[in-house]
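J.: Okay, handing you the structure first.
The values are calculated or read from the model by the stated rules, or taken from the named source; none is laboratory data. Being a predicted model, the structure only gives us computed values, none of them experimental. Backbone-built Cβ (ideal geometry, glycine too); neighbour counts: all protein chains shown.
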Amino acid sequence: MVKLVNQTLFALKIKGKKLYIFNASDIRSLFGVSSVAASALLHRYKKQGFVVQLKKGFYSFPDILPPDVYVASKLYTPSYISLEFALSYHGVIPETVYEITSVTTKATRRFEALGKIFSYRKIKKIAYTGYEIQKQKNLSFNIADAEKAFVDTNYLRLMNGQKPISRFNKEKINPIRAKKYASLFGNKKLLSIITTTLQ
């Protein structure tokens, strides 16, 4: 059955469904093959360089790679882009950030895919908010607003014994919104840091 799905048909069907990231389950439902056959097919195409593996079980076509922000939203869920990458994205910090940083309610994780680092840091479920859906190349991804990215970053820096962010554009941060987000963490020191740094 694996041999019956040739590369042309394989690419045509998946691209036709606009599946920029796909897995064995997608192959199974699209081509009516077994789990074993779907996995074998993907393994064979990966070896041939016809598809690229983003992480175990997740694949993409090298000629139509989706944006990094979209990849970040699919590699590990639930998650939203935050921390330094989001701060740079919103123009809050001047640096260009190459690691795509996200937060999640699950365990902290780090993946290397497409020559990039995708990192996910755990935060409390009650504080998992303050993000919006944006699009790149018509593909949706979740990203923290400027205030939430600022609070998330300072929270994790506090947890790691690091100093708060010092170089940032205050005009890009709404202090009232930032303090509201900080209160979700139930950490008085964090609330104090956010209040002090935004004065």
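J.: Specify which of the listed residues (THR105, THR101) is modelled with pLDDT of 95 or more, surrounded by 13 or more Cβ atoms within 10 Å (Cβ to Cβ) and over 21 Å from GLN136 (Cα atoms).
T.: When all the criteria are applied, what remains is THR105.
J.: Does the stretch 100-113 hold any residues that are assigned to a strand (DSSP E or B), touching a residue at least 24 places away in the same chain (Cβ under 8 Å) and within 23 Å of TYR59 (Cβ to Cβ), and which are they?
T.: ILE100, SER102, THR104, ARG109, PHE111, ALA113
J.: Which condition does ARG157 not pass, out of (1) in contact with a Pro (Cβ under 9 Å, 6 or more places away or on another chain); (2) among the charged types (D, E, K, R); (3) in contact (Cβ under 8 Å) with a residue 40 or more places away in the chain, if it passes all the others?
T.: Of everything listed in (1) in contact with a Pro (Cβ under 9 Å, 6 or more places away or on another chain); (2) among the charged types (D, E, K, R); (3) in contact (Cβ under 8 Å) with a residue 40 or more places away in the chain, ARG157 misses just condition (3).
J.: To continue, here is another question. Quick one: in the stretch 33-73, of everything that is touching a Pro at 6+ places or on another chain (Cβ under 9 Å) and surrounded by 20 or more Cβ atoms within 10 Å (Cβ to Cβ), which residue is farthest from LYS135 (Cα to Cα)?
T.: Among them, the one singled out is VAL51.
J.: A further question follows. Are any residues in the stretch 86-98 surrounded by fewer than 24 Cβ atoms within 10 Å (Cβ to Cβ) and in contact with a strand residue (DSSP E or B) (Cβ under 9 Å, 6 or more places away or on another chain), and if so, which ones?
T.: TYR89, HIS90, TYR98
J.: Quick check on my filter: what residues within the stretch 164-199 are touching a residue at least 40 places away in the same chain (Cβ under 8 Å), under 12 Å from VAL151 (Cα atoms) and either touching a His at 6+ places or on another chain (Cβ under 8 Å) or outside any helix (DSSP H, G or I) (or both)?
T.: Passing the criteria: ILE165, ILE173, LEU184, PHE185.
Yes or no, residue by residue, for (1) outside the structural domain of LYS180 (by TED's automatic domain parsing); (2) surrounded by fewer than 19 Cβ atoms within 10 Å (Cβ to Cβ); (3) more than 22 Å from ILE173 (Cα to Cα); (4) over 13 Å from the mean Cα position of the chain (by Cα):
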position: GLU84; (1), (2), (3), (4): no, no, no, no
position: GLU112; (1), (2), (3), (4): no, yes, yes, no
position: LYS116; (1), (2), (3), (4): no, yes, yes, no
position: THR129; (1), (2), (3), (4): no, yes, no, yes
position: ASN138; (1), (2), (3), (4): no, yes, yes, yes
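J.: Considering only residues that are touching a helix residue (DSSP H, G or I) at 6+ places or on another chain (Cβ under 8 Å) and of a type in the set (Lys, Arg), which ones fall in the stretch 1-41?
T.: LYS13, LYS15, LYS17, ARG28
J.: Next question, about the same structure. Looking only at the stretch 40-82, which residues are among the β-branched types (Val, Ile, Thr) and under 19 Å from the mean Cα position of the chain (by Cα)?
T.: VAL52, ILE64, VAL69, VAL71, THR77, ILE81
J.: Please work out which residue is farthest from LYS179 (Cα to Cα), limiting yourself to the stretch 148-165 and to residues that are under 18 Å from the mean Cα position of the chain (by Cα) and not hydrophobic (A, V, I, L, M, F, W, C).
T.: The extreme case among them is THR153.
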